[in-house]
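A.B. asks: Here you go, one structure.
Only the coordinates and a few stated rules stand behind these numbers; no lab work does. It should be emphasised that the depicted structure is a prediction, and the values quoted were computed from it without experimental measurement. Glycine gets a Cβ as well: all are built from the backbone with ideal geometry, and neighbour counts include every protein chain shown.
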Ligand SMILES: *Cc1c(COP(=O)(O)O)cnc(C)c1O
């Protein structure tokens, strides 16, 4: 057995791991061929394994990390909180970190989202928003509103209702018999625009599908749920903010809620603190998680406005209350990490500084646009994606079975970077503390990795 005194090796830990651990989003048999990498510690943008190898974390440890690993501002906040209060029931009781964080989130999120309900992770936030929207319409007597409208290629998490409002077949298909019916609208994915068409024009054009669906189904629809600007799990497909503007107006006109799932794009990822800001809109519900705690602890939040809140506020025996709960809702350690993260984002003018970093990301890979197997390089702020295709002119994808992206993954690991493509899409979504030199390092690895992955 290892302890703090004995040094573990990668291979020993891998052996023990594979005996008992079942890893997320993994065909475990893959580990007969692909390495599993135990990490001993991390600092800034680097992860370090048990043999001293370092990996540049280009994907922010699954999109959660904002300000680097072992950031002392965040770890000190957690340590201070740890000495005071670790956890307490949130029904009937409260605590300062949750109160401060709810006030802060109400202040910084778009519009008048002044009521904050905490969950534990992204999927639970999505479930909360769906249930709140449905229950709102029930409470005000609109009993026929029972359905949700979503977009093709969307992703909102893996629990059953969150999965139902998603549209990525890879995660969803097998569970279909278990899932509620949703109304799926063809989305604004700008990769599918015609040659020479602008993102804005394509996004406007695709909005007609949403307009039609709202006209047909508003009477039975609770809400439209979307990922503003980037469908991250859907291969980092992107669209123009005009779609958000048009959607907000149409949801109001048709009497349907708008749920913005900013779990992956919130806290500066797209270049603004929240992606909704770029469409100049406020949703009825915003879901936050991932970067909320700087990626240090599991926590999520759903914020909504007073009109929704008031529809639940009544005498107990009217049975209008929202009786939803999770054991670790509003955990004080998570809240203190979130408060420290938001403080560091604001004081360090991080989002302003990210402009230069995102421009550097763009120029570092600009040469790849002429690559014979790169169909597109797209970007919103601190997310840049490179789409590999079999045929550039027709944008014909490589058959998924060929797993070209995994070749980039394996090559990058050998070179000291964690790049984890989604299908055939190689992307950078690094912590905001990355330097321009580190971006250049990643760009070199991505360039060589793409050459290797597309060689035959
Ligand atoms: C990751 C993600 C979720 C799910 O969050 P979990 O914490 O993994 O449950 C939901 N929506 C979006 C847009 C996400 O990227």
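A.B. asks: For the chain, what is the percent of antiparallel DSSP beta bridges, rounded to the nearest 5?
C.D. replies: Values: 31 of 46 bridges.
Of all bridge pairs located within the chain, approximately 65 percent are antiparallel.
A.B. asks: Arrange the following residues from fewest to most other Cβ atoms within 10 Å of their Cβ: 400, 199.
C.D. replies: Numbers: 400 11, 199 17.
Listed from fewest to most nearby Cβ atoms, that is 400, 199.
A.B. asks: Please report, largest first and rounded to whole Å, the three semi-axes of the ellipsoid equivalent to segment 249-292, where each semi-axis is the square root of five times an eigenvalue of the C-alpha gyration tensor. Don't jump to the answer; show the numbers that get you there.
C.D. replies: Values: eigenvalues 89, 27, 6 Å².
Taking √(5λ) for each Cα gyration eigenvalue gives 21, 12, 5 Å.
A.B. asks: Note the full-extension length gain between residue 96 and residue 253 as 0.36 nm times their separation in residues minus their Cα-Cα distance, in nm to one decimal. Could the numbers behind the result be given before it?
C.D. replies: Numbers: separation 157, 0.36 × 157 = 56.52 nm, distance 3.92 nm.
52.6 nm is the gain from fully extending residue 96 to residue 253.
A.B. asks: Quick one: of the DSSP bridges fully inside segment 75-347, what percent are antiparallel, nearest 5?
C.D. replies: On the way: 11 of 24 bridges.
DSSP beta bridges in segment 75-347 are roughly 45 percent antiparallel.
A.B. asks: Okay, helix-only estimate at 222 nm for the chain: each DSSP H run of n ≥ 4 adds -39500 (n - 2.57), divide by all residues, round to 500 deg cm²/dmol; what do you get? Please list the in-between numbers first.
C.D. replies: Values: 14 runs with 168 residues, N = 456.
Result for the chain, helices only: -11500 deg cm²/dmol.
A.B. asks: Please find the FRET efficiency linking residue 346 to residue 103, where r is the Cβ-Cβ separation and R0 is fixed at 22 Å, and quote it to the nearest 0.05. Before the final figure, lay out each step's value.
C.D. replies: Numbers: r = 14 Å, r/R0 = 0.64.
Efficiency computed from Cβ-Cβ geometry: 0.95.
A.B. asks: With the cut-off at 1.5 for a/c, could you classify segment 319-397 from its C-alpha gyration tensor as rounded, prolate or oblate? It would help to have the intermediate numbers written out before the result.
C.D. replies: Numbers: a/c = 4.39, a/b = 1.79, b/c = 2.45.
Verdict is oblate for segment 319-397.
A.B. asks: Any idea what the relative contact order of the chain is, in percent, if you count C-alpha pairs under 8 Å spaced at least 6 apart? Don't skip to the answer; put the middle values down first.
C.D. replies: On the way: 852 pairs, mean separation 90.2, N = 456.
Here the relative contact order equals 20 percent.
A.B. asks: Can you give the Kirkwood hydrodynamic radius of segment 75-347 from its Cα pairs, in Å with one decimal?
C.D. replies: Working: mean 1/r = 0.0525 Å⁻¹.
Over segment 75-347, the inverse of the mean reciprocal pair distance is 19.1 Å.
A.B. asks: Further question: Please report 395, 19 as a ranked list, fewest other C-beta atoms within 10 angstrom at the top and most at the bottom.
C.D. replies: Values: 395 14, 19 7.
Fewest-to-most ranking of 395, 19: 19, 395.
A.B. asks: Roughly how compact is the chain, stated as its Cα Rg over 2.2 N^0.38 Å to two decimals? Please list the in-between numbers first.
C.D. replies: Working: Rg = 22.2 Å, N = 456, 2.2 N^0.38 = 22.5 Å.
Normalised by 2.2 N^0.38 Å, the Cα Rg of the chain equals 0.99.
A.B. asks: Taking segment 113-152, how much of its Cα-Cα pair set, in percent, is spaced more than 16 angstrom apart?
C.D. replies: Numbers: 360 of 780 pairs.
Everything past 16 Å amounts to 46 percent.
A.B. asks: Report the extension gain between residue 25 and residue 172 in nm, rounded to one decimal, defined as 0.36 nm multiplied by the number of residues separating them, less their alpha carbon distance.
C.D. replies: On the way: separation 147, 0.36 × 147 = 52.92 nm, distance 1.23 nm.
Result for the pair: 51.7 nm of gain on full extension.
A.B. asks: Here is a further query. List, largest first, the extents of the alpha carbons of segment 111-248 along their principal axes, each in whole Å.
C.D. replies: 47, 31, 30 Å, listed from the longest principal axis down.
A.B. asks: Determine, for 286, 230, the number of other Cβ atoms within 10 Å of each Cβ, and report the residues in order from fewest to most. Could you put the intermediate results ahead of the total?
C.D. replies: On the way: 286 29, 230 24.
With the sparsest Cβ surroundings first, the list reads 230, 286.
A.B. asks: So what are the radius of gyration and Dmax for the Cα set of segment 1-81, in Å?
C.D. replies: 14.8, 43
A.B. asks: How large is the direction-averaged shadow of the alpha-carbon convex hull of segment 385-456, in nm²? Please list the in-between numbers first.
C.D. replies: On the way: hull surface 19.6 nm².
Over all viewing directions, segment 385-456 projects a mean Cα-hull area of 4.9 nm².
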